[in-house]
1. Any idea what angle helix 2-51 forms with the longest principal axis of the chain, computed on alpha-carbon atoms, 0 to 90 degrees, nearest 10?
2. Can you list the aspartates and glutamates whose alpha carbon sits under 13 Å from that of Lys190, skipping same-chain ones fewer than 8 residues off?
3. Tell me the trypsin sites (Lys or Arg not before Pro) within the range 156-203 that lie in a loop according to DSSP and have at most 16 other beta-carbon atoms within 10 Å.
4. Loop only by DSSP, 12 or fewer other Cβ within 10 Å of the Cβ. Give me the GluC sites (Glu not before Pro) in the range 76-143 that pass, ordered by residue number.
5. Name the residue from Ile182, Gln155, Thr140 whose Cα lies farthest towards the positive end of the charge dipole of the range 135-201, charges +1 on Cβ of Lys and Arg and -1 on Cβ of Asp and Glu.
6. Helix 68-77 versus the longest principal axis of the chain: what is the Cα-based angle in degrees, 0 to 90, to the nearest 10?
7. Amide H neighbours of Gly109 under 5 Å, counting only residues 5+ apart in sequence or on other chains, H built in-plane at 1.01 Å?
8. Using just the helices of the chain, give the 222 nm mean residue ellipticity in deg cm²/dmol: DSSP H runs with n ≥ 4 each add -39,500 (n - 2.57), and the total is spread over all residues, rounded to 500.
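Throughout, read-outs are computed from the coordinates displayed, never taken from laboratory work. All values reported here derive from a predicted model rather than from experimental measurement. For neighbour counting, all protein chains shown are included, and Cβ atoms are generated from backbone atoms with ideal geometry for every residue, glycine included.
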Amino acid sequence: MKKETSLGHDIVIITLITLVAGLLLGLVHTVTAGPIAAQEEKTRIETQKAVFPDAASFEAVDGIEANADIIKALEDAGFTKTEVKAVDTALDDKGEKLGYVITSLNKEGYGGEIKIMTGVRAEDGNLTVNSIAFLTLSETAGMGMKADLPEFKEQFVDLAPGDEWIVFTKNGKSASNEIDAISGSTVTTKAVTKAVNAALAAARCLEGGAS
């Protein structure tokens, strides 16, 4: 009888500890969720301005992740494990469209997912990459992480591939749609290139097939 009482007592204690721990975790989540969300929104806005500084405001485009035209365009181009997560229309101070800020990701980075925000100008039916910024990059230090260095990212500034996709080369770029690969980091270069091409694919679909 004594053992049964002791066992019941232990069960009650463990149950109480579990309940208290759960309540504390819930409280911590409630307290931190707001500041985390606010910081994420602040980072998003700052990054939008970084890749499209000429824009006065940005307007979200709904239903992008389920957009059948964009999904098909990625499949047709062979951009596997690549997704477009969000699109915001970049507007000038009069509310006129300047282009897009597009969030895309590729899951084939050496360190996993690479998430990029790309500014794409849309002028007279032509699309030009404004610049890019990384939202997620966990590549190898000293190798794939070189993707976040200016000498690599600046290759995308004002890049206008026309009807082509952006490609990388190891022999020195010689065409308007080429960039130089990161030395020793082909996997990272390929993942970044696919993510930026995904942004172009989305912009082309939104522009009705414009190059």
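1. Approximately 20 degrees, to the nearest ten.
2. Those aspartates and glutamates meeting the cut-off are Glu108, Glu113, Glu139, Glu178, Asp180.
3. Of the trypsin sites (Lys or Arg not before Pro), the ones in loops of the range 156-203 whose Cβ has at most 16 other Cβ atoms within 10 Å are Lys170, Lys173.
4. Glu96
5. Of the options given, the answer is Thr140.
6. 70 degrees
7. Residues meeting the criterion, in which the H sits 1.01 Å from N, are Ile114.
8. Here the helix-only value at 222 nm equals -14000 deg cm²/dmol.
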